[in-house]
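The values are calculated or read from the model by the stated rules, or taken from the named source; none is laboratory data. Model, not experiment: these values are computed from the prediction. Because the Cβ atoms are built from the backbone with ideal geometry, glycine has one as well, and the counts that use them run over all protein chains shown.
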Amino acid sequence: MPRKLRLLIIEDEAAIRTGLIDVFVYHGYEVDFSGHGVEGLNKALTGKFDLILLDVMLPGINGLEICNRIRVRDRSQAIIMLTAKSNDEDIIEGLSLGADDYVAKPFSVAQLVLRVQAVLRRTRNGTSQCQTLQLGDDLSIDCQNLTGRRGDENLSFTRREIELLQYLQLNWHRPVPREELLNKVWGYANHHDIETRTVDIHIVKLRRKIEVDPAEPQLLITVRGAGYRLIGQSQ
């Protein structure tokens, strides 16, 4: 019998936390939880969880700092941030720190379950495409180790960033629409029902890492009205 997938819920609002625990236990997950930032961080750093649901506003240490500390230790840990719907800055910062996705409050429990399932499905499938990406003349990316190098500069990537680059590389000959990336990289089959800017923010993050001038991208370009295209890689 396969083991149950393990979730850690870090949420200080008791009613929301209890509701989420009940929902995910019902769906067959093994669930641990915390209502405090410091305790939640300590649990998260044990590496025992397949996915972490992480609220931004927490006592002790906020969720953004927790996400940052997790990523220093483990760039592969699956993380979904829970954010206030009106706070775009938290959404952008959370994804910039390496969260796989975000869900804005108030949220649909059914949609949250689908997002958790999608992130876990992608995590378990792993990165099975190219092992190394060569972009331009001097940028090499090790897809397995989530690292890169441009000249003397060392770069680090999250699992989701690598998956995004791999899919764009696989389809290098055409622009890839945002909706296709949501479906193929994030695993969201019903992407039309999902409000998320995670693709756009991940593109911005990647440009900051791989472009000499992120404001004038030469490798990861936007094709107006069509999507994103990765160019300049060795085939």
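Summary of values
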item: Looking only at segment 30-59, and only at residues there that are in contact (Cβ under 8 Å) with a residue 40 or more places away in the chain and part of a loop (DSSP other than H, G, I, E, B), the one that is nearest to residue 91 (Cα to Cα); result: 57
item: Looking only at segment 38-53, and only at residues there that are farther than 18 Å from residue 101 by Cα and either surrounded by 22 or more Cβ atoms within 10 Å (Cβ to Cβ) or hydrophobic (A, V, I, L, M, F, W, C) (or both), the one that is farthest from the chain's Cα centre (by Cα); result: 38
item: Positions within segment 197-226 being of a type outside the set (A, V, I, L, M, F, W, C), surrounded by fewer than 19 Cβ atoms within 10 Å (Cβ to Cβ) and under 30 Å from residue 108 (Cα atoms), in sequence order; result: 197, 200, 225
item: Which listed residue is out of contact with any Pro (no Cβ under 7 Å at 6 or more places or on another chain) and at pLDDT 90 or above, from 145, 190, 154; result: 154
item: Verdict on residue 68 being polar (S, T, N, Q) and touching a Ser or Thr at 6+ places or on another chain (Cβ under 9 Å); result: no
item: Criterion: of a type in the set (Val, Ile, Thr), crowded, with 16+ Cβ neighbours inside 10 Å and under 14 Å from the mean Cα position of the chain (by Cα) - qualifying residue of 119, 113, 176; result: 119
item: Qualifying residue in segment 97-110 (condition: of a type in the set (Val, Ile, Thr), under 23 Å from residue 183 (Cα atoms) and over 18 Å from the mean Cα position of the chain (by Cα)); result: yes
item: Any hit, segment 125-148, residues being on the phi < 0 side of the Ramachandran plot, assigned to a helix (DSSP H, G or I) and surrounded by fewer than 20 Cβ atoms within 10 Å (Cβ to Cβ); result: yes
item: Matching residues, segment 197-220, being out of contact with any helix residue (DSSP H, G or I) (no Cβ under 9 Å at 6 or more places or on another chain) and part of a helix (DSSP H, G or I); result: 207
item: Unique match (being more than 16 Å from residue 203 (Cα to Cα) and touching a Ser or Thr at 6+ places or on another chain (Cβ under 7 Å)) among 138, 152, 142; result: 142
item: Cβ-Cβ under 8 Å pairs, at least 6 apart or on other chains, segment 168-185 side touching a residue at least 24 places away in the same chain (Cβ under 8 Å), far side assigned to a loop (DSSP other than H, G, I, E, B) and not hydrophobic (A, V, I, L, M, F, W, C); result: 169/129; 170/129; 172/235
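One line per residue, one yes/no per condition, for (1) assigned by TED's automatic domain parsing to the domain that holds residue 10; (2) β-branched (Val, Ile, Thr); (3) surrounded by 21 or more Cβ atoms within 10 Å (Cβ to Cβ); (4) within 19 Å of residue 163 (Cα to Cα):
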{"residue": "55", "(1), (2), (3), (4)": "yes, no, yes, no"}
{"residue": "58", "(1), (2), (3), (4)": "yes, no, yes, no"}
{"residue": "62", "(1), (2), (3), (4)": "yes, no, no, no"}
{"residue": "66", "(1), (2), (3), (4)": "yes, yes, yes, no"}
{"residue": "70", "(1), (2), (3), (4)": "yes, yes, yes, no"}
{"residue": "75", "(1), (2), (3), (4)": "yes, no, no, yes"}
{"residue": "91", "(1), (2), (3), (4)": "yes, yes, yes, no"}
{"residue": "96", "(1), (2), (3), (4)": "yes, no, no, yes"}
